[in-house]
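Only one structure is covered here, and it is reproduced in the block below.
Every number here is computed from the coordinates shown, using simple stated rules; none is lab data. The structure displayed is predicted, hence computed values, not measured ones. Quick reminder, even Gly has a Cβ in these numbers, built from the backbone with ideal geometry, and neighbours come from all protein chains shown.
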Amino acid sequence: MMTNPTGRVTQGQFSFLPELTDAEITAQVDYGLNKGYAWSVEYTDDPHPRNTFWEMFGMPMFDLQDPAGVMLELQACRKTFPSHYIRLMAFDNTRGIESIAMSFIVNRPASEPGFGLVRQESNGRTLRYTVHSYATDAPEARRY
Amino acid sequence: MNKPNEPGATEITDKKKRYSAGVLKYRQMGYWNADYVPKDTDVICLFRITPQDGVDEIEAAAAVAGESSTATWTVVWTDRLTASDSYRAKAYKVEAVPGNPGQWFAWIAYDIILFEEGSIANLTASVIGNVFGFKPLKALRLEDMRLPFAYVKTFKGPPTGLIVERERLDKFGRPLLGATTKPKLGLSGRNYGRVVYEGLKGGLDFMKDDENINSQPFMRWRDRYLYVMDAVNKASAATGEVKGSYLNVTAATMEDMYERAEFAKELGSVIIMIDLVIGYTAIQSISNWARKHDMILHLHRAGHGTYTRQKTHGVSFRVIAKWMRLAGVDHIHAGTIVGKLEGDPLTTQGYYNVCRDSFTRQDLPRGVYFDQDWADLRKVMPVASGGIHAGQMHQLLDYLGDDVVLQFGGGTIGHPMGIQSGAIANRVALEAMIMARNEGRDYLAEGPDILRKAAQSCTPLKQALDTWGEISFNYASTDTSDYVATPSLA
């Protein structure tokens, strides 16, 4: 159980709001498609803030017209990884951007163990910090 | 509208007459040429000139061109040792400022050979050097500059840029949220760190040192950095997000600044901060350091109001923003429109566009006079700070867009239920507004309803709206566009 005001990992665009319904997710996907973004589904069992590369659930969906395509992929990912973190990411390949334009979490484990802060005393009063993901104390695939 | 060349008003082409000892009019010396067509490689400045009574506008424009390039008050024969025509800036157009009798816009072109590669100090020593104190002018203002592609390419620009900043922070698709730690003076390092921790854990992405927090008797810099970084890391572990706090490294000397920046790096900070008052050379130096050490560089525009605010004299902030993008900062305070500090909506949007565009188009209502190709230079994240609160979220999003840091200082720390509650209110208001906008709602008109609905399941937001919902700062702006009526905020 995390102690921040939401009680959960607050990455992504909408973590402070009530869980998005599938209809609400579809509306966001539609917004991205209208902007010309490519959506992708990614999942992980280690939501460490510096863990950039979540696993890709298939390729980014370029040239898609209908949000239903993204929602199908999302349902498949949820079915395969019901207790993992899953996020939807929209990619904008415009010159000068070429990066993520939207990102939000659409699936979480029932209980989120969060992170510990390890302080290593160094020279003088200097500290070196390590943010430790409790989930990774267990091996892959046995974390939630 | 451009004035044609008149007899006696143009360059003397007879070399013997031109270089006889004595005093000539500037336009006779070659600083005015109505037929000049600027080259793609020229730097072009647009000045607003207010000549003294009896000084005609063409002579005044030629004088500005002369005094910001090669001229001195009298003819010198040593000009003949140079290809002097290259070094003379050329005023080529003057136009009356709409609705302001006695004021003129003057366009002046400078050959690229006049400027050292990659040096803001050199560029500014020319174009705002001696000329601003020139007696024949009552007042002079640098309104805008066109920087040629070739010259832009000699600058490294922002060390991180707003795209890579978002990737490092793992935050996309919404403005970033920040707050300035308050009170700005008097907190000890320990108390200061408390405010940082509460704000970040509550949901903000950044906390920030204020411009005059350096290393005073009540809180020395090392103490501040140590406590702040404990707060940052603790908040990061509590939320699973990357967090930061702008550690102000502004100091008396570059050596002190490097020492402070090194310590910030050693403690794992993602960002450091400088004040504009350190000067252009110091900014470029610390920008190099930031590039070398993967550090985001935040610039507070402390002091700019002394020369940017009045319309008749000084340097427009859009020019400062252009210089800072070249010099290489990642964040720059660029106004809030709705907050407590000066900022006409369209003019402020002009500053934002200069920071964030790949190619800025001429846009007179926003005070942008030139097309500007940014030559793939990275983009600066504008920062909106000063007197803003959650109840204005729809307006802020509409005016400023997604790529901005919204800084709610008082609007976080002044929350009746505490700092975390203030942070929650801001984050919930922001996420609710982004979601509504993406769903296609008319979020500007429905903004208050969207906020009230979000507040039904978020008591801290309800309390924030009850406390500040009606607060606004509606004063007439002093720095406004000359080309359209300024819309009011009401």
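Things to note:
- Taken along the Cα-to-beta-carbon direction at a fixed 7 Å, the label points for residue B:362 and residue B:453 span 4.4 nm.
- In degrees, nearest ten, helix A:22-34 long axis to first principal axis of chain A (Cα): 70 degrees
- In terms of Cα atoms, the Rg and Dmax of segment A:1-133 work out to 17.0, 59 Å.
- Using C-alpha pairs under 8 Å with a sequence gap of at least 6, the mean separation divided by the residue count of chain B gives a relative contact order of 15 percent.
- With a cut-off of 11 Å between beta carbons, the residues surrounding residue B:105 carry a summed charge of -2, where Lys and Arg count +1 and Asp and Glu -1.
- Chain lengthening between residue B:373 and residue B:266 when straightened (0.36 nm per residue, less Cα-Cα): 34.8 nm
- Placing unit charges on the Cβ atoms of the charged side chains and taking the dipole of segment B:200-279 about its Cα centre, the candidate lying farthest along the positive direction among B:268, B:207, B:240 is B:240.
- Listed pairs B:135/B:311; B:184/B:265; B:322/B:379; B:90/B:156; B:156/B:322 exceeding 21 Å between Cα atoms: B:184/B:265; B:90/B:156
- Placing unit charges on each Cβ (+1 for Lys and Arg, -1 for Asp and Glu) gives the protein assembly as shown a dipole about its Cα centre, and among B:36, A:127, B:481 the Cα reaching farthest toward its positive end belongs to A:127.
- Space enclosed by the convex hull of the alpha-carbon atoms of segment B:331-490, per residue, Å³: 115 Å³
- Among the trypsin sites (Lys or Arg not before Pro) in segment A:51-134, those located in a DSSP loop and surrounded by at most 12 other Cβ atoms within 10 Å of their own Cβ are A:95, A:125.
- Under the Karplus curve 6.51 cos²θ - 1.76 cosθ + 1.60, θ = phi - 60°, whole-Hz ³J(HN,Hα) for segment B:406-420, x wherever Gly or Pro sits: 8, 10, 9, x, x, x, 10, 6, x, 4, x, 9, x, 5, 4
- Considering only A:114, A:34, B:159, the residue lying farthest towards the positive end of the dipole of the protein assembly as shown is B:159, judged by Cα position with unit charges set on Cβ.
- Projected area averaged over orientations for segment B:26-180, convex hull of C-alpha atoms, nm²: 13.2 nm²
- Cα-only Debye scattering, segment B:259-348: base-10 log of I(q)/I(0) at q = 0.13, 0.14, 0.17 Å⁻¹: -0.48, -0.54, -0.75
- Per the Cα gyration tensor, segment B:146-205 maps to an equivalent ellipsoid with semi-axes of 34, 17, 9 Å, ordered largest to smallest.
- Each helix, a run of at least 4 DSSP H residues, gives -39500 (n - 2.57); summed and divided by the residues of chain A, these come to -6000 deg cm²/dmol at 222 nm.
- Sites residue B:252 and residue A:62, calculated FRET efficiency, Cβ-Cβ separation with R0 60 Å, nearest 0.05: 0.65
- Loop-resident sites, segment B:18-47, for trypsin sites (Lys or Arg not before Pro), counting at most 14 other Cβ within 10 Å (DSSP): B:39
- Longest to shortest principal axis, alpha-carbon extents of segment B:102-165, angstrom: 47, 26, 18
- When the alpha carbon gyration tensor of segment B:189-313 is reduced to an equivalent ellipsoid, the three semi-axes, largest first, read 25, 17, 14 Å.
- Per-pair calculated FRET efficiency, R0 = 41 Å: residue B:313 and residue B:156 via Cβ, rounded to 0.05: 0.85
- Average beta-carbon neighbours from other chains, 10 Å sphere, peptide A:1-9: 5
- For segment B:211-291, the list of trypsin sites (Lys or Arg not before Pro) that fall in a loop by DSSP and count at most 15 other C-beta atoms within 10 angstrom reads B:220.
- Entry for segment B:1-117 at q = 0.09, 0.17, 0.22 Å⁻¹: log10 I(q)/I(0) = -0.23, -0.82, -1.29, Debye formula applied to identical alpha-carbon scatterers, no solvent contribution.
- The modelled label-to-label distance for the pair residue A:93/residue B:190, using points 7 Å beyond Cα in the direction of Cβ, is 5.7 nm.
- Distant alpha-carbon pairs in segment A:1-64 (separation over 20 angstrom), percent: 43 percent
- Across all Cα atoms of chain B, the radius of gyration (one decimal) and Dmax (whole number) stand at 24.7, 85 Å.
- Average 1/r across all pairs of distinct alpha carbons in segment B:128-180, invert it, and you get the Kirkwood radius: 15.8 Å.
- The mean count of C-beta atoms from other chains within 10 Å of the C-beta of residues in A:130-136, rounded to a whole number, is 2.
- Placing +1 on the Cβ of every Lys and Arg and -1 on the Cβ of every Asp and Glu, with no other charges, gives chain B a dipole of roughly 560 debye about its Cα centre.
- Per the Cα gyration tensor, the protein assembly as shown maps to an equivalent ellipsoid with semi-axes of 50, 26, 23 Å, ordered largest to smallest.
- Among residues other than residue A:132 with Cβ under 14 Å from its Cβ, the summed charge is +3 (Lys and Arg +1, Asp and Glu -1).
- For segment A:121-129, the Karplus equation 6.51 cos²θ - 1.76 cosθ + 1.60, evaluated at θ = phi - 60°, returns couplings of 5, 10, 4, x, 9, 5, 10, 10, 10 Hz by residue, with Gly and Pro reported as x.
- Value of [θ]222 nm, deg cm²/dmol, for chain B, DSSP H segments ≥ 4, -39500 (n - 2.57) each, nearest 500: -11000 deg cm²/dmol
- Charge dipole of the protein assembly as shown (Cα centre as origin; +1 on each Lys and Arg Cβ, -1 on each Asp and Glu Cβ, all else neutral): 1320 debye, rounded to the nearest 20.
- Highest to lowest packing among B:322-333, B:80-91, scored as the average C-beta count within 10 Å: B:322-333, B:80-91
- At R0 = 60 Å, FRET efficiency that the Cβ-Cβ distance of residue A:50 and residue B:122 yields, to 0.05: 0.90
- Under the simplified labelling scheme, the residue B:86-residue A:126 pair shows an inter-label distance of 5.0 nm, with each label point 7 Å from Cα along Cα→Cβ.
- Cα radius of gyration and Dmax for segment B:99-227 (Å): 22.2, 58
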